[in-house]
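The values are calculated or read from the model by the stated rules, or taken from the named source; none is laboratory data. Just so we're clear, the structure is a prediction, and the values are computed from it rather than from any experiment. Cβ sites come from the backbone with ideal geometry, for glycine too, and all protein chains shown count toward neighbours.
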There are 2 protein chains.
Amino acid sequence: MKVRDLGEFRLIDRIARSLPPPGEGVIVGIGDDVAVLRGSDRHVLATCDIQVEGVHFLREKITPYQLGRKAVAINVSDIAAMGGVPRYLLVSLVLPKETEVEFVDGLYEGMREECSRWGAEIVGGNMAHSPGGVIVDLFLLGEVEPDRLLRRSGARVGDRVLVTGTLGDSAAGLTLLLRSEATGSDVHRAFVLRRHLTPTPRLWEGRAISRSGLGTAAIDVSDGLASDIGHICETSGVGVHLWADAIPVSDAARAIAAAVGADPLEWALFGGEDYELLFTAPADRAEDLAHWVQEETGTPVSIIGEVVPADQGMTLIRADGSALPLQKGGWDHFRK
Amino acid sequence: MKVRDLGEFRLIDRIARSLPPPGEGVIVGIGDDVAVLRGSDRHVLATCDIQVEGVHFLREKITPYQLGRKAVAINVSDIAAMGGVPRYLLVSLVLPKETEVEFVDGLYEGMREECSRWGAEIVGGNMAHSPGGVIVDLFLLGEVEPDRLLRRSGARVGDRVLVTGTLGDSAAGLTLLLRSEATGSDVHRAFVLRRHLTPTPRLWEGRAISRSGLGTAAIDVSDGLASDIGHICETSGVGVHLWADAIPVSDAARAIAAAVGADPLEWALFGGEDYELLFTAPADRAEDLAHWVQEETGTPVSIIGEVVPADQGMTLIRADGSALPLQKGGWDHFRK
C-alpha cells in the first residue's frame, strides 16, 4: 500500500498507534499540531510546519520575503490555537546550490520581521543542499500557563462554535495567483492576496480566549473549516451543526468567487490556509466571549454553529433549513 | 551570488549578523548545532538535523529502519556534545505520494527504537507531500543542568584535545556502499557499515565529561575532525596542534583504506559522520578525564593534540615532526 492510498490522517493514526504510551511529561502528544510538554511553571509548546516548493508554494508566485513571513506566521498560528505565546524558532533550510543569496536574505528578512512582531527569536537551525526545490521547515517553541492551555478535546454538546475573522480569503487569493481570468477590484485583490501570502496569526485572539477561561476547545483553520472542525469533533467525541449563513465570508472573497463562478462557501469550508481561530464555548457565554475577543483585539468573531452528540455527525444547515452531511474534505497532503 | 559560491558557513555567518542581538533567555543561539535556552531549573536544548534523499542518503543503500535510527542518533549526538540528555522528538516527514506505507513503518520502527534507547519520546511532527525524494527532518528537545553545559567556546591555550572511539569508520562504510571494488573481511565490513548506517551517539560519554567538570569545550564529529576542531578553535579564539599518530583509526578502516588505496587519516580528518565526541580539557587533567570516561562508559578516549594560541592556526603534526597546515575542508553542504 502507498501513502497516497492511506492518506495523511490515517497514516498519522497508524504511526500514533505504533508508539509506546506517552510519558508523564507529555500533556498533548502525536496527532495534534502542537506537542504540549510539562514545564515547571509553564508548559512548553513545540510545533513544526513545512513549506515545500511546488507543493505549498510556487517560487514565481511568492517573494522570498513573503515566504519567510508566511512560514513563521503559520507556526505562530498553531501556538495561538493553544492559547500560548511563541518564543524560539529553529530554521531548517534545504536549498538548491544555485539559489541566489538574495533569496536567503529576503527569506530571513521576512522571518525576522514576523518573529519580532510576535515576540519570537530565531535561535538556530540547519542548512542542507537540495537536489530539488526550496524547502523551509520551521520548528517553533512556545509556552503557555497551565491554566490557559486551549486544546482540541474539550468541546461539549450544547457549546457554540465560534470563528475569528473571515474564511475563504486565502483560497480567493490562491485563485487570483493561479487563474489569469480571475479579476477583482484593486482593494479586493490586495486584501485576498495579503490573506494568502502573508496571513496574520491570531495570537492576541488566542490569548484573549485563553484568558477568558470560556473557550472549551480551539484549533486554527489551516486545512479548511470542514476539516478543522472535524479534528475538534473527533478529539472531543462530539458532532457539529454549522450554520451556512453564519459562516463569515468577506466581500472580497464573494466578489472574486462571483468573477470566476466559484462558491465562496466552498472556499470557506474546504480552502484552508485562512489561519483564523476556530473555537467552542458554552452556549450561554458564547456571545460574551465573541464580544470580548472583538473588543480586546479588534477582530470580529462570529458564532457559526452548535456542538451536537457524536451520533449526529457533522452537518451543514442551510438558510432554508435543509441539512447537508459535511465531509471533512480538507487538505490531505497525500491525496489531493 | 549563489549560495554555492558563498558556502554554508559564510552563509550562516551572514544570517547570524542580520539577526537582532539575542534576548536574555538565549544562552547559545544561531551558529551552534544546538540552541541553549534558559529554563527555570534546567536549560532547554533544541536542535534539528535533516536527512535528504540523494544528498544524505541513497534509498537503495540504507533500509528505512536504519535511516530512522540514524536520523535520531545524529540529533542525540548534538545533545550529547552539550552534556545534556534528549527528551522529546518532533518528526517532519516529506514523502512522495508513491512511498510504500512499509517504508514509513520501517522508518518509525527505527526512530522509536533509537529514541527508547536514549530516553527520548516522539511527541509530534508534520507530514507533507514531496515532489522529489524523501526528507526526514527531526527536531529534538533536550535538557541540561546549567552547571553541566558543555560549549564549543571554552578551549584554552595549553588544553589537551581528546576524542572518543575511532575516526574514519563512517567514511570507510560509505566507501563500501559506493565503490563495488572496496572489499574487506566480513567483520571489518560489518563494523564500518554499522558505524556509517547506524552510528551510536556518545550520550553517556557526554554525560561523563559534563559530570567530571573537566571538559572545557566539546563538539560532535559530524563534518570531520578538521572541520569540527575548527569550530572549537573559531568559537574559543584559539589554534590547535593535532598529532597525526595519536588520531585513533580502527583496524577495519585501515584495512578497507588499504584495499582501495585510500589514506585512513584523510577519512578521519575529512570524512565526517563519525559522531564521536571531540573535547578539550586542562593538560594536567586530560589523562584522568580520558581514563574516567573510559571507565564509566567502556569507550576508549584518545588524547590527540594541544590547544595553541590563535595566531599559530590549525596544524597537523606528523610523527617525523613535520607540520602541515590543517584546512578545515570538512563537509560544506553547498560546496561539495
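Selection of the range B:44-56 for residues being more than 8 Å from chain A (Cβ to nearest Cβ) and modelled with pLDDT under 95 yields only B:Q51. If the condition is being among the hydrophobic types (A, V, I, L, M, F, W, C) and surrounded by fewer than 22 Cβ atoms within 10 Å (Cβ to Cβ), then the range A:86-117 contributes A:V101, A:F103. Here A:E60 meets each of (1) within 7 Å of chain B (Cβ to nearest Cβ); (2) farther than 28 Å from A:I219 by Cα with one exception, condition (1). Close contacts from the range A:130-146, counting a first residue that is under 14 Å from A:H56 (Cα atoms) and a second that is surrounded by fewer than 21 Cβ atoms within 10 Å (Cβ to Cβ) and basic (K, R), with Cβ to Cβ under 7 Å and a gap of 6+ residues or different chains, come to A:V134/A:R59. For the range B:20-37, filtered to residues that are touching a strand residue (DSSP E or B) at 6+ places or on another chain (Cβ under 6 Å) and surrounded by fewer than 21 Cβ atoms within 10 Å (Cβ to Cβ), the residue that is nearest to B:E234 (Cα to Cα) is B:G29.
Within the range B:10-31, one or more residues are facing another protein chain (nearest Cβ under 9 Å), within 16 Å of the chain's Cα centre (by Cα), more than 27 Å from A:D33 (Cα to Cα) and not aliphatic (A, V, I, L, M). When the range B:166-221 is filtered for residues that are more than 20 Å from B:Y65 (Cα to Cα), surrounded by fewer than 22 Cβ atoms within 10 Å (Cβ to Cβ), of a type in the set (D, E, K, R) and at pLDDT 95 or above, the ones remaining, listed by number, are B:R207, B:R211.
Does the range A:263-276 hold any residues that are assigned to a loop (DSSP other than H, G, I, E, B) and surrounded by fewer than 20 Cβ atoms within 10 Å (Cβ to Cβ), and which are they? First the steps, then the outcome.
Filtering the range A:263-276 for residues assigned to a loop (DSSP other than H, G, I, E, B) gives A:263, A:271-276.
Listed by number, the list holds a single entry, A:D263.
Run A:R151 past the list (1) over 23 Å from A:D33 (Cα atoms); (2) under 20 Å from the mean Cα position of the chain (by Cα); (3) basic (K, R) and report the number of the one that doesn't hold. Checking A:R151 against (1) over 23 Å from A:D33 (Cα atoms); (2) under 20 Å from the mean Cα position of the chain (by Cα); (3) basic (K, R), the one that fails is (1).
Does B:L67 satisfy being within 21 Å of the chain's Cα centre (by Cα) and on the phi < 0 side of the Ramachandran plot? Yes: the conditions hold for B:L67.
Does A:A257 fit the bill of being over 21 Å from the mean Cα position of the chain (by Cα) and closer than 29 Å to A:D49 by Cα? Yes: the conditions hold for A:A257.
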